[in-house]
1. Counting residues that are modelled with pLDDT of 95 or more and in contact with a Cys (Cβ under 8 Å, 6 or more places away or on another chain), which helices (runs of 4 or more DSSP H) fully inside region 51-157 reach at least 2?
2. Does any residue of region 345-353 turn out to be within 16 Å of the ligand (Cβ to nearest atom) and either open to solvent by 20 Å² or more (accessible area, probe 1.4 Å) or at pLDDT 95 or above (or both)?
3. Taking SER199, is it touching a strand residue (DSSP E or B) at 6+ places or on another chain (Cβ under 6 Å), open to solvent by less than 20 Å² (accessible area, probe 1.4 Å), within 14 Å of the ligand (Cβ to nearest atom) and on the phi < 0 side of the Ramachandran plot?
4. Hey, can you tell me all the residues within region 311-344 that are part of a helix (DSSP H, G or I) and either of a type in the set (D, E, K, R) or away from the ligand (no atom under 16 Å from the Cβ) (or both)?
5. Inspect region 22-29 for any residue being modelled with pLDDT under 95, open to solvent by 10 Å² or more (accessible area, probe 1.4 Å) and not hydrophobic (A, V, I, L, M, F, W, C) and give the result as yes or no.
6. Looking only at region 160-184, count how many residues are without any contact (Cβ under 8 Å) to a residue 24 or more places away in the chain and not in a loop (DSSP other than H, G, I, E, B).
7. Looking at ALA453, ALA449, ALA462, which one is surrounded by 15 or more Cβ atoms within 10 Å (Cβ to Cβ) and among the aliphatic types (A, V, I, L, M)?
8. Would you please name the residue that is nearest to the chain's Cα centre (by Cα), looking only at residues in region 157-180 that are open to solvent by less than 20 Å² (accessible area, probe 1.4 Å) and under 30 Å from ALA291 (Cα atoms)?
Amino acid sequence: MASEPLQVPVLIVGGSIVGLSLSLFLARHGVPVCTVERHHKTALHPRARGFHERTVELFRASGVAAQLQELGSVAASAQRPPLSLVVRDLRSPSEPQSQALAPGGAPVREAFPPSRFVYLGQDRLEPIVLSAARAAGADIRFAHELVDLTVEADGVTAQVLARDTDQRYHVRAQYLVAADGARSSIRTRLGVTQSGRGSMGHSVACLFDADLSEIQNERPFGFAQITHPEAAGVMVQTDVPNRYIYSVGFDPETQSPSDFSEQRFRTLLRLATGMPALQPVHRGTFPWEVAERVADRFSVGRVFFAGDAAHQMPPTGGFGANVGIQDAANLAWKLAFVLRGDASPGLLDSYHSERQPVAAATAAHAAVTALRMVPATRDAARDIVLPDVACMMRAYRYGVAPVVPVQMSDAAVSGEVGSRAPHIWLDAEHTRSTIDLYDRTLVLISPDARWRAAVSTGVTFAHVPESAAAYQLGPEGAALVRPDMFVAERWQAAPGDRAAALAAAVRRLLHPHNG
Ligand SMILES: Cc1cc2nc3c(=O)[nH]c(=O)nc-3n(C[C@H](O)[C@H](O)[C@H](O)COP(=O)(O)OP(=O)(O)OC[C@H]3O[C@@H](n4cnc5c(N)ncnc54)[C@H](O)[C@@H]3O)c2cc1C
């Protein structure tokens with residue numbers, strides 16, 4: 001074992017989509033970060049297949065969003081959006097329960113620029129985020145596994161195993177982020193409990209290629225719940241043409257994922273598609289658990305949980321990876337400000353208080369939608385009124401309960417404290433948005449140029465006349481926005497002493513426990 005530990009401000013454990021996103025965000029804030037991932041490379045299986053507007057906009061500044069929007073198709077705004085079906089097999093007529101798959105509430109149609117929903121698999125997103133994170137300076141180590149951890153008051157010491165050489169070394173970090181997935185060994189080691197419905201079933205998924213264009217031309221589907229008595233499962237389309245994922249349930253007491261061979265899946269797929277001569281190209285299987293579990297604490301001392309380590313939810317709604325990336329954006333700027341000495345460590349407490357309620361509400365939403373697919377729970381779950389999926393992803397508010405009221409629409413978010421700051425195009429060509437101003441510093445946005453004189457070091461001033469309407473400000477008002485694009489403070493009219501009011505707001509935000 002190397003004698004001198006590697007010293008780094010932040011160690012991230014887990015180099016999947018959430019660990020990689022956090023690596024990118026921290027590196028862009030100038031924070032040296034080391035990320036260890038026990039696998040040799042990024043994900044092979046798509047799992048998450050779509051990224052919501054709020055998530056995509058977090059990748060705008062690094063250039064990743066532009067790449068995603070070029071690569072991914074845009075299902076949400078397609079002329080003919082893919083259907084969600086309940087069918088005996090793909091050639092059978094739709095069953096009436098198809099209606100129940102609508103996640104609740106009328107879909108929100110208001111535009112949410114500047115970013116678009118991107119229909120792209122996690123397997124294709126991860127390499128893009130990885131290379132952007134490395135370009136920004138992150139040290140990302142594949143085939144390196146955290147095998148031991150000591151947490152102290154002033155930092156953590158991790159023992160890491162380099163799997164290819166069998167060498168072990170120590171990493172000493174001021175903060176550790178556990179992005180080590182649903183079965184987080186770090187969460188277990190630190191004794192963090194979880195709440196929620198727990199396990200709702202076990203599945204094994206098969207990724208396969210097949211030409212289903214005959215079916216797709218007639219009835220384009222993105223999601224199909226198959227009720228065939230011998231092949232019940234769920235089939236979803238991926239963003240890669242002719243590539244699908246088919247998941248079937250299994251009972252872990254009596255079966256194992258390895259019971260589902262390529263041959264067995266071929267038989268099941270022929271029944272599920274209603275195409276007895278189908279020749280699917282098998283690309284692999286992976287087991288997964290349908291579960292709703294949310295950590296009761298998102299941090300313990302200097303250790304933070306992000307992504308599935310903090311919240312596991314059924315894939316219904318397509319939320320999991322999106323919520324995790326949004327965790328990363330919330331945490332990155334707070335760690336950066338604290339490490340630079342611009343904020344007190346107390347700022348980090350708001351990571352739990354802000355993200356845990358959002359994760360719990362989103363996981364509960366996903367769980368109810370999943371229960372609507374099960375005959376035994378369908379009727380009761382249908383009666384639960386849920387906010388729109390789009391609102392769950394982008395209209396939530398920090399510091400209020402419930403974080404997303406059932407009747408909320410995107411339009412209701414107009415610069416309120418705790419909400420994502422409204423977007424306004426800054427140029428006629430629609431290339432730059434106010435969202436792009438919110439990146440590495442606090443920003444004061446106002447229609448009134450007189451606020452410029454009130455701004456002190458560490459705050460950037462943006463004079464945007466249109467902010468009066470979009471942020472619901474009077475002509476002399478202003479809003480203070482955080483680097484993760486959330487409104488920290490709003491003055492609808494000018495305070496008596498602008499500089500004093502702004503300084504007090506910055507102090508409350510960055511030094512919350514200092515009176
Ligand atoms: C079938 C399915 C469909 C889904 N569909 C969607 C969807 O449409 N939209 C959506 O947003 N989400 C979806 N999800 C959820 C999404 O895939 C997860 O939320 C996401 O992968 C979580 O990312 P993560 O980085 O937090 O954790 P993970 O992807 O689980 O990654 C954790 C990483 O940590 C590594 N690790 C663990 N322990 C250690 C250690 N000791 N040392 C080093 N490395 C370690 C692991 O190797 C792993 O790579 C779906 C999931 C499934 C199963």
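1. Passing ranges: none, list empty.
2. yes
3. It is false that SER199 is touching a strand residue (DSSP E or B) at 6+ places or on another chain (Cβ under 6 Å), open to solvent by less than 20 Å² (accessible area, probe 1.4 Å), within 14 Å of the ligand (Cβ to nearest atom) and on the phi < 0 side of the Ramachandran plot.
4. Hits for region 311-344 are ASP327, TRP333, LYS334, LEU335, ALA336, PHE337, VAL338, LEU339, ARG340.
5. no
6. Matching residues across region 160-184 total 2.
7. The conditions single out ALA462.
8. ALA179
The values are calculated or read from the model by the stated rules, or taken from the named source; none is laboratory data. Note that the structure is a prediction, hence the values are computed from the model and not measured. Note that each Cβ is placed from the backbone with ideal geometry, even for glycine, and that neighbours are counted across all protein chains shown. Keep in mind that these areas ignore ligands, DNA and RNA; they rest on the heavy atoms of the full protein, side chains included. Shrake-Rupley method; radii C 1.70, N 1.55, O 1.52, S 1.80 Å.
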